[in-house]
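A short worksheet on the structure shown next.
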Amino acid sequence: MTEFTHYTVMKKEAVEIMNPEPGKIYVDCTLGGGGHSEYILQKISPTGRLIAFDIDDDAISAANERLKEYNNLTIVKSSYTNIKQVLNNLGITRINGGVLLDLGASYHQLTTAERGFSFSKDAPLDMRFDTSSDFSAYDVINKYKEDELVKIFSEYGEERFSKRIAKKIVEERKKCPIKTTMELSNLIINATPKIKSHLHPATRVFQAVRIEVNHELKNVNTILNEVLDLLDIGGIISVISFHSLEDRLVKNILKKEAQKCRCNNPICTCPPPRIEVITKKPVLPTDEEIRVNPPSRSAKLRAAKCIRVWG
């Protein structure tokens, strides 16, 4: 296994907005390299408790080593979409501290060649966060119908040349399956006109395929609603997103749940709002952080506090 390298994006901002304190329960839905978890644990120990989720074996192994001195930490190998069941199994019904979500792929995943996330390193088409999953980028590229490819490239990648690329993929895979990242990258380059852009021509398609393989947007929608059901009054959700699709989804869900009326009926029957949005505008990384870790430039942090429990 390659050495696990991970940069913790907006560590101070994302953790401190939850006001972590001893005696309360916190959840890190995206453990990664353990940077956020470590900072939470420093704030809440010894009497606070942290439950951290990840599905990546490399991340879990690295975090176990990094955080081995903390006995108030429970690391769970499971998708954060299973949060209700996992917490129920641990005897936890309400989260009175906070929940942190650091969305997207980690630096380690993106830069480990054999994981197949990068178009700059030749590797099998993979892109799975959970390496035990049977579904990979190979399946998307070689098995999806042309119109399905157009749809995910357009919706998840906001790729303007989706139709050209999808058509070329279908043509080429009839001759021979597309097996590697470099094959796909070169195909995209050849299928699209040369335009002036700071982005590599394959960037948007690779993002779209990664989102599809890992059900990222569906999972974000699920976890936000699950967390809002679990938060106790005063509990805070802190979310870092890395592209406009995620950020828009987070923004819209938090905005909706903070509204007094969500039904638009002449006579409102909505229950009172259950959250208060803390971040009227997203919090952005500092210039210093962007200088040290350039990929952090796309990060946006949004947060909300539970003000009422439903049910």
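The values are calculated or read from the model by the stated rules, or taken from the named source; none is laboratory data. This one's a predicted model, so the numbers in the text were calculated from it and none came from an experiment. Methodologically, a virtual Cβ is constructed for each residue, glycine included, from the backbone with ideal geometry; neighbour enumeration extends over all protein chains shown. For accessibility, only protein heavy atoms count, side chains too; no ligands or nucleic acids. Shrake-Rupley method; radii C 1.70, N 1.55, O 1.52, S 1.80 Å.
Scoring 93-100, 169-176, 236-243 by mean Cβ neighbours within 10 Å over their residues and listing the highest first yields 236-243, 93-100, 169-176. Across the cross-link table entries K121/K305; K163/K305; K77/K281; K218/K280; K24/K68, which are compared at the Cα atoms, the separations over 31 Å belong to K121/K305; K163/K305; K77/K281. Across T286, T269, T47, mean-square fluctuation computed from a Gaussian network of the chain (C-alpha pairs under 10 Å connected) peaks at T269. Relative contact order of the chain: 18 percent, from C-alpha pairs under 8 Å at least 6 residues apart in sequence. Taking the C-alpha atoms only, the angle from helix 35-44 to the longest principal axis of the chain is near 0 degrees. In degrees between 0 and 90, to the nearest 10, how far off the longest principal axis of the chain does helix 57-66 point, with axes built from Cα atoms? Rounded to the nearest ten degrees, it is 40. Here the chain has 49 percent of its accessible surface on carbon and sulfur atoms, given a 1.4 Å probe and all protein chains in place. For K43, the aspartates and glutamates whose Cα comes closer than 17 Å to its Cα, not counting residues fewer than 8 places off in the same chain, are E13, E16, E21, D28, E69. Extension gain, N186-K143: 0.36 nm per intervening residue step, less the Cα-Cα distance, totals 13.6 nm. Proximity of backbone amide H atoms, modeled 1.01 Å from N, is registered between T30 and F53, D102 at under 5 Å, excluding neighbours fewer than 5 places apart on the same chain.
Charge dipole of segment 234-309 (Cα centre as origin; +1 on each Lys and Arg Cβ, -1 on each Asp and Glu Cβ, all else neutral): 360 debye, rounded to the nearest 20. A cut-off of 5 Å between modelled amide H atoms, ignoring neighbours fewer than 5 places along the same chain, links A123 with T181, M182. The residues neighbouring F153, those whose beta-carbon lies less than 14 Å from its own, together hold a net charge of +2 under the Lys/Arg +1, Asp/Glu -1 convention. Each Lys and Arg adds +1 at its Cβ and each Asp and Glu adds -1 at its Cβ; summed about the Cα centre, the chain shows a dipole of about 1200 debye.
FRET efficiency for the pair I195 and I267, taken as 1/(1 + (r/R0)^6) with r the Cβ-Cβ distance and R0 = 41 Å, rounds to 0.20. Within the straight-line cut-off of under 16 Å between alpha carbons, the aspartates and glutamates reachable from K179 are E114, D122, D126, D134, D139, E171, sequence neighbours fewer than 8 places apart in one chain being disregarded. Computed from the Cβ-Cβ distance with R0 of 41 Å, the FRET efficiency linking K174 to R297 stands at 0.55.
Think of the chain as a dipole: +1 on every Lys or Arg Cβ, -1 on every Asp or Glu Cβ, centred on the Cα centre; then among P20, V86, V227, V227 lies furthest on the positive end. When the alpha carbon gyration tensor of the chain is reduced to an equivalent ellipsoid, the three semi-axes, largest first, read 35, 24, 18 Å. Considering only alpha-carbon pairs that sit under 8 angstrom and 6 or more positions apart, the relative contact order computed for segment 159-311 is 23 percent.
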